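J.: First the structure, then my questions, so here it is.
The values are calculated or read from the model by the stated rules, or taken from the named source; none is laboratory data. Worth saying up front: this structure is predicted, and the values here are computed from it rather than measured. Please note: Cβ atoms are built from the backbone with ideal geometry, for glycine as well, and neighbour counts cover all protein chains shown. Just the protein is used for accessible areas: all its heavy atoms, side chains included, with ligands, DNA and RNA removed. Shrake-Rupley method; radii C 1.70, N 1.55, O 1.52, S 1.80 Å.
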Amino acid sequence: MATAASNYDIADIGLADAGQKRIEWADRHMPVLAQIRERFESEKPLEGIRMACCLHVTTETANLVRTLMAGGADVALCASNPLSTQDETAAALVDRYGAEVHAINGEDNESYYKHINAAVDKHPQITMDDGADVISVLHGERPEQLPEVYGGTEETTTGVIRLKALEAEGKLGFPIIAVNEANTKHFFDNRYGTGQSTLDGVIRATNLLIAGQVVVVIGYGWCGKGVAMRAKGHGAHVIVCEVDPLRALEAVMDGFEVMPAVEAARKGDVFISVTGNRDAIGRTMFEVMKDQAIVCNSGHFDVEINKGELDELTESTFEARPLVEGHKLSDGREIFLLSEGRLVNLASAEGHPAAVMDMSFANQALAAEYMVQNHETLETRVHVVPREIDEEIARLKLASKGVEIDELTDAQQKYLASWDQGT
């Protein structure tokens, strides 16, 4: 057993035993990360590297932190969402694995940023974000630390949008690897992980029978595709709302009904926002929703649902179930908001299954190693994950499932090369 960390702020270190069991269970379903951890243990590619990680403090994240520490990194972990921390996981990381953790489930806004600043106090050389909050604090409040940072990684669509905007403004202070853009991340984590865990969160929060419900999915990116797919699989009638004509057309071709959000608001029973933008669900929709409508969000920040506009229409609120807030409107209708408008899959459930986070966190670990090895030559911009990392993770995942694939013959490779060279 590792020596317990001395610097931490968690709910209850006495929860460590339960947390360790959950971490070990998740580890059984994360074979790719386990192989990387074994290599890191022997090669120490992150030896002495200070890291500030702002991620959902879950069992899967715990196994990523264990991998980074096995590689020699000095890690400080804080939460990327006030409701996503598993307190028993945080306790086990501190007590059983010696990790520095600053995260408490349900922490208020002040504590949330206090914990982010505690991680930034590490003076990180590598940042690892799920929503770009550590990077935002460094750029906004700690610009004197920017020269110390080799680079960072970002795992979410929302975070990548924020960082590309920073890059466009010429204000990005160090290179970023957009882990979210890796094929082994968004094809699987965003689609299958978000799809399953979002419906899991809705069901756990409400005990609702999805079959026969009209489920409105706002946004048809990879996350929206996964949510729509899983809702349809549960027997729901799915309506998709989009602003991108190509994605809207794709939703139509995938067999979903597509219409403007206000029109869908009149028909929907359950509304799920997955856009990465603000005010995807607001007043004009609340004003026409059916009585007993359920509203939730699976995008990274709680701004996707305009809670202020819902409050303006609300006569009174009540707790219908844990993390289910009833809003009684002046006309007598009731609208139910799940998980305070925060990530429903993490606040009301456990987030993505370990098997899919295996690939996402393998990307994080290998991207950190790549950043350490190449930071002196990387331009200060948002980079995609190198193709060789993406392909290596896919190979390891296939091997863990006992799946073999073909390889091109020399003649086939030569033939393709001739086309590339225009001959």
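J.: Scan the range 351-372 residue by residue and report those that are open to solvent by 40 Å² or more (accessible area, probe 1.4 Å) and under 16 Å from residue 39 (Cα atoms).
T.: Answer for the range 351-372, where residues must be open to solvent by 40 Å² or more (accessible area, probe 1.4 Å) and under 16 Å from residue 39 (Cα atoms): just 370.
J.: Something else: In the range 176-208, what count of residues is obtained for those that are closer than 23 Å to residue 370 by Cα, part of a helix (DSSP H, G or I) and small (Gly, Ala, Ser)?
T.: Here the count works out to 0.
J.: Further question: If I filter the range 119-136 down to residues being assigned to a strand (DSSP E or B) and β-branched (Val, Ile, Thr), which single residue comes out as nearest to residue 45 (Cα to Cα)?
T.: Per the stated criteria, the residue is 126.
J.: Would you check if residue 3 is open to solvent by 10 Å² or more (accessible area, probe 1.4 Å), among the hydroxyl-bearing types (Ser, Thr, Tyr) and in contact (Cβ under 8 Å) with a residue 40 or more places away in the chain?
T.: Yes; evaluated as a whole, the condition is true for this residue.
J.: Does the range 62-74 hold any residues that are closer than 14 Å to residue 90 by Cβ and open to solvent by 30 Å² or more (accessible area, probe 1.4 Å), and which are they?
T.: Listed by number, the list holds a single entry, 66.
J.: Kindly provide the set of residues from the range 209-228 that are in a helix (DSSP H, G or I) and either farther than 19 Å from residue 297 by Cα or among the aliphatic types (A, V, I, L, M) (or both), ordered by number.
T.: 227, 228
J.: How about the range 136-170: which of its residues are over 30 Å from residue 273 (Cβ atoms) and of a type in the set (Lys, Arg)?
T.: Within the range 136-170, 142 is the sole residue that qualifies.
J.: Can I ask one more? Restricting the search to the range 276-309, which residues are in a helix (DSSP H, G or I) and either within 18 Å of residue 201 (Cβ to Cβ) or among the polar types (S, T, N, Q) (or both)?
T.: 284, 302, 304, 307
J.: In the range 176-203, what count of residues is obtained for those that are over 20 Å from residue 384 (Cβ atoms), touching a His at 6+ places or on another chain (Cβ under 9 Å), open to solvent by less than 10 Å² (accessible area, probe 1.4 Å) and among the hydrophobic types (A, V, I, L, M, F, W, C)?
T.: Residues that pass the stated criteria total 1.
J.: Taking the residues in the range 332-346 that are open to solvent by 20 Å² or more (accessible area, probe 1.4 Å) and not charged (D, E, K, R) as candidates, determine which candidate is nearest to the chain's Cα centre (by Cα).
T.: Out of the qualifying residues, it is 346.
J.: May I pose another question? Of all residues in the range 265-296 being over 23 Å from residue 193 (Cβ atoms) and among the aliphatic types (A, V, I, L, M), which is most open to solvent (accessible area, probe 1.4 Å)?
T.: For the range 265-296, the residue satisfying everything is 288.
J.: Still on this structure, please answer the following. In the range 89-118, which residues are part of a helix (DSSP H, G or I), among the hydrophobic types (A, V, I, L, M, F, W, C) and open to solvent by less than 10 Å² (accessible area, probe 1.4 Å)?
T.: Result: 90, 91, 92, 93, 94, 116.
J.: Additional query: Filter the range 373-392 for residues that are among the basic types (Lys, Arg) and either surrounded by 14 or more Cβ atoms within 10 Å (Cβ to Cβ) or touching a helix residue (DSSP H, G or I) at 6+ places or on another chain (Cβ under 6 Å) (or both) and give the result.
T.: 381
J.: Quick check on my filter: what residues within the range 234-251 are surrounded by 14 or more Cβ atoms within 10 Å (Cβ to Cβ) and in a helix (DSSP H, G or I)?
T.: Within the range 234-251, 247, 248, 250, 251 meet the criteria.
J.: Still on this structure, please answer the following. Looking for whichever is touching a residue at least 12 places away in the same chain (Cβ under 8 Å), among the β-branched types (Val, Ile, Thr) and under 30 Å from residue 144 (Cα atoms) here; the options are 239, 272, 218, 177. Which one fits?
T.: 177
J.: Find the residue count for the range 38-61, including only residues that are touching a Lys or Arg at 6+ places or on another chain (Cβ under 8 Å) and either open to solvent by 50 Å² or more (accessible area, probe 1.4 Å) or without any contact (Cβ under 8 Å) to a residue 60 or more places away in the chain (or both).
T.: 1
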